[in-house]
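A.B. asks: Take this structure, written in structure tokens, and hold onto it; I'll ask about it next.
The values are calculated or read from the model by the stated rules, or taken from the named source; none is laboratory data. These numbers come from a predicted model, not from an experiment. Here the Cβ positions follow ideal geometry from the backbone for every residue, glycine too, while neighbour counts run over all protein chains shown. Ligands, DNA and RNA are stripped out before the accessible areas are found, and what is left, the full protein with its side chains, is counted by its heavy atoms. Shrake-Rupley method; radii C 1.70, N 1.55, O 1.52, S 1.80 Å.
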Amino acid sequence: MRMLAVFEKGERIRHIGHLDIQRSVQRGLRRSGLPVAYSNGFNPHILVTFASALSTGACGKREIMDVTMEEDVSEQEFMEKMNRAMPPEMQLSEARAVDRKHSSLPPMLRAARYDLLIREEKYAARLIDAIPSMMARETIPAMRKTKTALKECDIKPLIFELNGEGKHLYATLVLTERESCKPGMLMEALCREANITEEVRVLITREALLGENEEGKLVPLETL
Amino acid sequence: MDLNERFERALEKVQKAPRYTGGEMNTTVKEWDRCPLHFGFCFPDTYEIGMSHLGLKILYGLINRESWSLCERFFMPWTDMIALMKEEELPLLSMESRRPMNAFDVVGFTLQYEMSYSNILAMLEMGGIPLESRDRGENDPIVVAGGPCAFNPEPLADFIDAFMIGDGEDVMTELNRVILERKEKGLSREECLKNLAKLEGVYVPSLYQVTYHEDGTIASVKPTCPEAPASVKKRVVTDLNHTYYPEEFPVPYTEVVFDRIMLEIMRGCTRGCRFCQAGILYRPVRERSLEKLIDLAEKLQASTGYEEISLSSLSSGDYSCLPELIRELMRRMKEKRVSISLPSLRIDSVLKESLEETQQVRKTSLTFAPEAGTQRMRDVINKGVTEEDLLEKVRDAFEGGWSSVKLYFMSGLPTETTEDLDGIADLARKVVAEYFNVPKPQRAKGLRVTVSTSVFVPKPFTPFQWAAQDTIETVLKKQEHLKQVLNIRGVTFHWHEPYVSFLEACFARGDRRIGAVLKKAYEMGCILDGWNETFRFDKWMDAFRECGLDPAFYANRERTKDELLPWDHIDSGVTKQFLWHEKEKSDRTETTKDCRKGCNGCGLQRWKGVCAYANAGSV
Ligand code: SF4
């Protein structure tokens, strides 16, 4: 059996990188006493994977871990034991037991929904006002960081949805194993559209990870 | 903009932000207003070092356990954070509730090494607390300190209000009660300090007056009020089984230096190596029982989820039921995939069997500390280890599948000659030969012998407390020689820069006057001196010059028998007379037996019921 569990990466620990989140989950699983499966070898580790790595600096509302169990347990038991074992900033909100053969999550990932809180209020309205004109453009160039260089790309086809209200921008952006639009790339393009040259600080929260159901609709990945 | 928002902004720009954000598993954020006493635990180095420190975990748990006190942590920020804090006008904030240091009733520093002293000044200043005790007012926290370096408190006498000498577990709570009493009854700072001086094991430097001879040596140290004792006795916890030990450790998100369960199996050491300060300060030897340790290990494993347990003590091989302990721990931890490591495994511990068991789980590199290259030199320092011992253990290890061995030595020990340095190379060569003696199919691939030499620093409360340290010039020459003779295939040589060790020697045996140098150096920008990239030796030398003090007076001068040493009014339990006796034996290349095999009369036998091996009346 595998357990797909939805967990939070809270604001206080948003600067923790993905590797450290992985290790914290490993240790949380060890503390929980749940019958998890281990890898073989000299440094055995628990068989747990993540649907997607979340960047350093971003909060996550519904991140997903995928834990292989040695023995079956109920979803409720998993939740209870894990929530006792995880720090307050990394609590679970849901767990779903699936078959060991359930397809792995990263290839099913299509998009992510973000809430971008604009720290400098004075820019919020200007940014929101710039959305329609930006989206009306044929192409929206942005710089993509690769391991070695910056590369220009067009993010227009990577934006599923973009709107704003008050101090918030809400965006659904492509996120797959092959390509993605990072919130930073979106902000860069939007600032240019709004003629803002100063750096605009945003608090990024990844609200949900999305996959595609049979009808081609974007739905939460953990439900697929 | 409020404090929290400015802090958040600094976090966005700083490198390694998780050092500053807290919220780790098993940390405690108690309600501020419900706890009358607020203790700020300060580790004067970075988060990664501080969170590796066992003492922090013990005292953190101990203070938070009391309903009336809370403990929050402070660490030394790195230079980039310090700059950002200036930019945002931020004070140093606690990890838990993000309050500034001066909001606490007590702030306590742990003194693990001399090179962290400038960080104490930096943290006080960033915490909004006047640097010097005499400038602190009624609303400022009481600043206390403890740990091994507190045994010579004099270099910090201007900055610390009260020192705790010896084991902290009991005195910590007593001290907090006295400070709580001040708060409740509205006592003055001075009254509170006098009350603290009445506690056994507490030293309040402002209540003593020091006079000097013309040559700079000390003429007298005298209490200036009846509350302060002429001699301050260290505190000793006699029964470790009934002493507080945490059942949970905070688990950092990021990797720290020692990121595992530390199980203190015993305290103290009976070997009597003459260079070793810890060996004297932590006397007598006290063991935790097997049952207690197994129980703690299981609880800690369940509460932390750590994948490794290390046994911690000065000399784990001497623990009386070590093989049973290791076997039992392995049996219970196997299911949980927890490995057991023995960090300070001594080469003369009878452990072949357990070694074989260790490898079931993980094969780390083995560490041996012969400390000196020749038998003569090892006799001078009373390191009871022979070459045959060492080679036998190394052979066992190579036969058992290890291929990586680390050898630790000291250079600059009293009476050291070129022959002793060459002895280090000889020993390394013999270790390499042992590896090649194991038939090829049986041995693991990739031989790695690492030889590390540190520069000897004479420490207070050791038989070498009177000795001169080698000058920097001499050290450099010796290192050059070592580099040449250690150019051996399969051997990597590491050495320590002599500059830090020189400064360490100054502060280890410093007196009150050297506090001015510390302050001057700090004002000139010296901080984080334990780190290569921030250590500024030239500035330290400037500071000595400006204060009119000669560092060689502290580091390179041999003391006479009758000199009053700056720490003589601190009673470590071991007498000065015993230490001198040991020094004389060392001069004659005579060894002293392990005192488990018979009491050597170090002085602790005077304290009734403290040392289980003591034999009153001897020597
Ligand atoms: S009193 Fe005797 S047995 Fe105890 S530590 Fe001192 S020398 Fe060793």
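A.B. asks: Rounded to the nearest 0.05, what FRET efficiency is calculated for A:L117 and B:D542 with R0 set to 45 Å and r the Cβ-Cβ distance?
C.D. replies: Values: r = 49 Å, r/R0 = 1.09.
With R0 = 45 Å, the Cβ-Cβ based efficiency is 0.35.
A.B. asks: Same structure again: Mind checking the log10 I(q)/I(0) for region B:3-233 at q = 0.18 Å⁻¹? Debye, one equal scatterer per Cα, no solvent, two decimals.
C.D. replies: With one equal scatterer per Cα and no solvent, log10 I(q)/I(0) is -1.40.
A.B. asks: Collect residues whose amide H, placed 1.01 Å from N in the peptide plane, falls under 5 Å from the amide H of B:I218; neighbours closer than 5 in sequence don't count.
C.D. replies: Excluding prolines and chain starts, which carry no amide H, the hits are B:H213, B:L564.
A.B. asks: Hey, another quick one. With the alpha-carbon atoms as the only input, what is the per residue convex hull volume for chain B in Å³?
C.D. replies: Details: hull volume 98.1 nm³, N = 619.
It is 158 Å³ per residue.
A.B. asks: Please list the radius of gyration and Dmax for region B:406-471, considering alpha-carbon atoms only, with Å as the unit.
C.D. replies: 16.4, 52
A.B. asks: Among B:R65, B:R235, what's the order by accessible area (1.4 angstrom probe), most exposed first?
C.D. replies: Values: B:R65 140, B:R235 30 Å².
Largest to smallest exposure gives the sequence B:R65, B:R235.
A.B. asks: Separation between the A:R192 and B:K299 pseudo-spin-labels, each 7 Å from Cα along Cα→Cβ, expressed in nm?
C.D. replies: Here the answer is 6.0 nm between the modelled labels.
A.B. asks: With a 10 Å cut-off between alpha carbons and a GNM built on chain A, which of A:D154, A:D99, A:D72 moves the most?
C.D. replies: Per the Cα network of chain A with a 10 Å cutoff, A:D99 tops the list.
A.B. asks: What value in Å³ per residue do you get for the convex hull of the alpha-carbon atoms in region A:6-65?
C.D. replies: Looking at region A:6-65, the number lands at 88 Å³ per residue.
A.B. asks: With the Cα gyration tensor of region A:1-108 giving a ≥ b ≥ c as the square roots of its eigenvalues, does the rule (a/c under 1.5 for rounded; else a/b larger than b/c for prolate; else oblate) give rounded, prolate or oblate?
C.D. replies: rounded
A.B. asks: Rounded to the nearest 5, what % of the DSSP beta bridges within the protein assembly as shown are antiparallel ones? Before the final figure, lay out the partial values.
C.D. replies: Details: 61 of 108 bridges.
Among the beta bridges of the protein assembly as shown, antiparallel pairing accounts for roughly 55 percent.
A.B. asks: Give, in nm to one decimal, the length gained when the segment between B:S454 and B:D389 is fully stretched (0.36 nm per residue of separation minus the Cα-Cα distance). Let's see the in-between values first.
C.D. replies: On the way: separation 65, 0.36 × 65 = 23.40 nm, distance 2.23 nm.
So the chain would gain 21.2 nm between B:S454 and B:D389.
A.B. asks: Could you give each residue of region B:597-606 its phi-based ³J(HN,Hα) in whole Hz, using Karplus coefficients 6.51, -1.76, 1.60 with θ = phi - 60°, and x for Gly or Pro?
C.D. replies: Values per residue, Gly and Pro as x: 8, x, 4, 9, x, 6, x, 5, 4, 5 Hz.
A.B. asks: Something else about it: Scan region A:140-199 for GluC sites (Glu not before Pro) in coil per DSSP, keeping those whose Cβ has at most 15 other Cβ atoms within 10 Å, and list them by number.
C.D. replies: Details: sites: A:E152, A:E161, A:E165, A:E177, A:E179, A:E188, A:E193, A:E198, A:E199; in loops: A:E177, A:E179, A:E198, A:E199.
Loop-located and lightly packed - A:E177, A:E179, A:E198, A:E199.
A.B. asks: How big is the dipole moment of region A:107-223 about its Cα centre under a simple scheme where the beta carbon of each Lys and Arg is +1, that of each Asp and Glu is -1, and everything else is neutral? Debye, nearest 20, please.
C.D. replies: Using only the charged Cβ atoms, the result is roughly 400 debye.
A.B. asks: To continue, here is another question. From the C-alpha gyration tensor of region B:1-96, pull out the three semi-axes of the equivalent ellipsoid (sqrt of 5λ each), sorted largest to smallest, in whole Å.
C.D. replies: Largest first, region B:1-96 gives 24, 16, 10 Å.
A.B. asks: B:G147's amide H: which non-local residues (gap 5+, or another chain) put their own amide H closer than 5 Å, with H modeled 1.01 Å from N in plane and none for Pro or chain starts?
C.D. replies: Distant-sequence amide H within range of B:G147: B:L111, B:G166.
A.B. asks: Hey, can you rank B:481-491, B:97-107 by average C-beta count inside 10 Å, highest first? Intermediate results must be reported in sequence, preceding the final value.
C.D. replies: Working: B:481-491: 15.0, B:97-107: 20.3.
Going from most to least packed, we get B:97-107, B:481-491.
A.B. asks: Also: Taking amide hydrogens as modeled 1.01 Å from N in the peptide plane, which residues meet the under 5 Å criterion relative to B:T492, leaving out close sequence neighbours?
C.D. replies: Under 5 Å from the amide H of B:T492: B:V449, B:T450, B:V451.
A.B. asks: Further question: Let me know the mean shielding of B:14-26 by other chains, meaning the per-residue number of their Cβ atoms within 10 Å of its Cβ.
C.D. replies: Mean shielding count: 4.
A.B. asks: Ratio of alpha-carbon Rg to the 2.2 N^0.38 Å globular estimate for the protein assembly as shown, to two decimals, please. If you can, show how the numbers build up before the last one.
C.D. replies: Working: Rg = 29.9 Å, N = 843, 2.2 N^0.38 = 28.5 Å.
Rounded to two decimals, the normalised Rg is 1.05.
A.B. asks: Work out the charge dipole of region B:403-446 with +1 on the Cβ of Lys and Arg and -1 on the Cβ of Asp and Glu about the Cα centre, then indicate which of B:S411, B:L427, B:A444 is farthest towards its positive end.
C.D. replies: B:A444
A.B. asks: List the aspartates and glutamates whose alpha-carbon lies under 18 Å from that of A:K145, not counting same-chain residues fewer than 8 positions away?
C.D. replies: Hits, sequence-local ones excluded: A:D154, A:E177, A:E179, A:E188, A:E199.
A.B. asks: Let me ask you something else. Identify the GluC sites (Glu not before Pro) of region B:246-295 meeting these criteria: DSSP loop state and at most 15 other C-beta atoms within 10 Å of the C-beta.
C.D. replies: Values: sites: B:E247, B:E248, B:E255, B:E264, B:E287, B:E291; in loops: B:E247, B:E248, B:E255.
For GluC sites (Glu not before Pro) across region B:246-295 that sit outside H, G, I, E and B with at most 15 neighbouring Cβ atoms in 10 Å, the list reads B:E247, B:E255.
A.B. asks: Just checking the output field for B:302-311: average partner chain Cβ neighbours within 10 Å of each residue's Cβ?
C.D. replies: Working: counts 5, 2, 3, 14, 3, 8, 1, 0, 0, 0.
Mean number of neighbouring Cβ atoms from other chains: 4.
A.B. asks: Sticking with this one: Once label points are set 7 Å from the Cα along Cα→Cβ at both A:S133 and B:D422, what is their separation, rounded to one decimal in nm?
C.D. replies: 8.5 nm
A.B. asks: Lys/Arg Cβ at +1, Asp/Glu Cβ at -1, dipole of region B:1-158 taken about the Cα centre: which of B:P44, B:M115, B:N26 is farthest positive-ward?
C.D. replies: Selected residue: B:N26.
A.B. asks: Roughly how many nanometres apart are two label points built 7 Å out from the Cα toward the Cβ at A:D72 and B:E324?
C.D. replies: So the two model labels end up 4.5 nm from each other.
A.B. asks: Another question, then. For every helix of n ≥ 4 consecutive DSSP H residues, a contribution of -39,500 (n - 2.57) applies; sum these over chain A, divide by its total residues, and give [θ] at 222 nm rounded to the nearest 500 deg cm²/dmol. It would help to have the intermediate numbers written out before the result.
C.D. replies: Numbers: 4 runs with 53 residues, N = 224.
Helix contribution divided over all residues of chain A: -7500 deg cm²/dmol.
A.B. asks: Express in % the proportion of alpha carbon pairs of region A:107-223 at distances exceeding 24 Å.
C.D. replies: On the way: 1769 of 6786 pairs.
Every Cα pair in region A:107-223 considered, those over 24 Å come to 26 percent.
A.B. asks: Report, in debye and to the nearest 20, how large the dipole of the protein assembly as shown comes out about its Cα centre when Lys and Arg carry +1 and Asp and Glu carry -1 on their Cβ. Numbers along the way, then the final one.
C.D. replies: Details: 115 positive and 129 negative charges, 287 e Å.
Computed charge dipole of the protein assembly as shown: roughly 1380 debye.
A.B. asks: Now, a different point. Round to the nearest 0.05 the FRET efficiency obtained for B:D80 and B:E5 when R0 = 22 Å and r is the Cβ-Cβ distance.
C.D. replies: Details: r = 19 Å, r/R0 = 0.88.
With a Förster radius of 22 Å, E is 0.70.
A.B. asks: Shifting gears a bit: Helix hunt in chain A: which complete DSSP H runs extend at least 18 Å axially by C-alpha with mean Kyte-Doolittle at least 0.0? Show your work: numbers first, answer last.
C.D. replies: Values: long enough: A:18-32 (21 Å, -1.16); A:121-136 (25 Å, 0.29).
Sorted by number, the helices that extend far enough and score high enough are A:121-136.
A.B. asks: From the mean inverse distance of alpha carbon pairs (Kirkwood) and the Cα radius of gyration, derive Rg over Rh for chain A.
C.D. replies: The Rg/Rh ratio comes out at 1.01.
A.B. asks: Using DSSP to define loop residues, name the chymotrypsin sites (Phe, Trp or Tyr not before Pro) in region A:33-93 whose beta-carbon has at most 10 other beta-carbon atoms within 10 Å. Working shown, then result.
C.D. replies: On the way: sites: A:Y38, A:F42, A:F50, A:F78; in loops: A:F42.
Within region A:33-93, the qualifying chymotrypsin sites (Phe, Trp or Tyr not before Pro) (loop, at most 10 other Cβ atoms within 10 Å) are A:F42.
A.B. asks: Just how much of B:T560 is accessible, in Å², when a 1.4 Å probe is used and the result is rounded to the nearest 10?
C.D. replies: 80 Å²
A.B. asks: Working out 0.36 nm times the residue gap between A:E199 and A:C153, then minus their Cα-Cα distance, what length gain in nm do you get to one decimal? Before the final figure, lay out the partial values.
C.D. replies: Details: separation 46, 0.36 × 46 = 16.56 nm, distance 2.08 nm.
In short, 14.5 nm is gained.
A.B. asks: While we're looking at this one, here's another question. With all protein chains present and a 1.4 Å probe, how do B:D158, B:D170, A:D20, B:D587 order by accessible area, largest first? List each step's numbers first, then the result.
C.D. replies: Details: B:D158 50, B:D170 75, A:D20 30, B:D587 95 Å².
Highest to lowest solvent-accessible surface, that is B:D587, B:D170, B:D158, A:D20.
A.B. asks: Would you rank A:R113, A:R31 by solvent-accessible area, highest first, keeping every protein chain in place and using a 1.4 Å probe?
C.D. replies: Of A:R113, A:R31, the descending order of accessible area is A:R113, A:R31.
A.B. asks: Here is a follow-up. Putting +1 on Lys and Arg Cβ atoms and -1 on Asp and Glu Cβ atoms, find which of A:S39, A:L173, A:T223 reaches farthest to the positive end of the dipole of chain A.
C.D. replies: Going by the Cα projections, it comes out as A:S39.
A.B. asks: As a test, work out the antiparallel percent of DSSP beta bridges whose residues both lie in chain B, rounded to the nearest 5.
C.D. replies: Working: 12 of 57 bridges.
Bridges in chain B that DSSP calls antiparallel: roughly 20 percent.
A.B. asks: For region B:491-619, what is the convex hull (Cα atoms) projected area averaged across all directions, in square nanometres? Walk me through the intermediate numbers first.
C.D. replies: Values: hull surface 48.1 nm².
The directionally averaged projection comes out at 12.0 nm².
A.B. asks: Interface size between chain A and chain B, please: total buried accessible area, 1.4 Å probe, rounded to the nearest 100 Å². Let's see the in-between values first.
C.D. replies: On the way: alone 12260 and 25040 Å², together 34870 Å².
Interface between A and B: roughly 2400 Å².
A.B. asks: Past the 32 Å Cα-Cα mark, which pairs from B:K222/B:K519; B:K233/B:K585; B:K299/B:K459; B:K440/B:K597? Don't skip to the answer; put the middle values down first.
C.D. replies: Values: B:K222/B:K519 24 Å; B:K233/B:K585 26 Å; B:K299/B:K459 37 Å; B:K440/B:K597 41 Å.
Beyond 32 Å: B:K299/B:K459; B:K440/B:K597.
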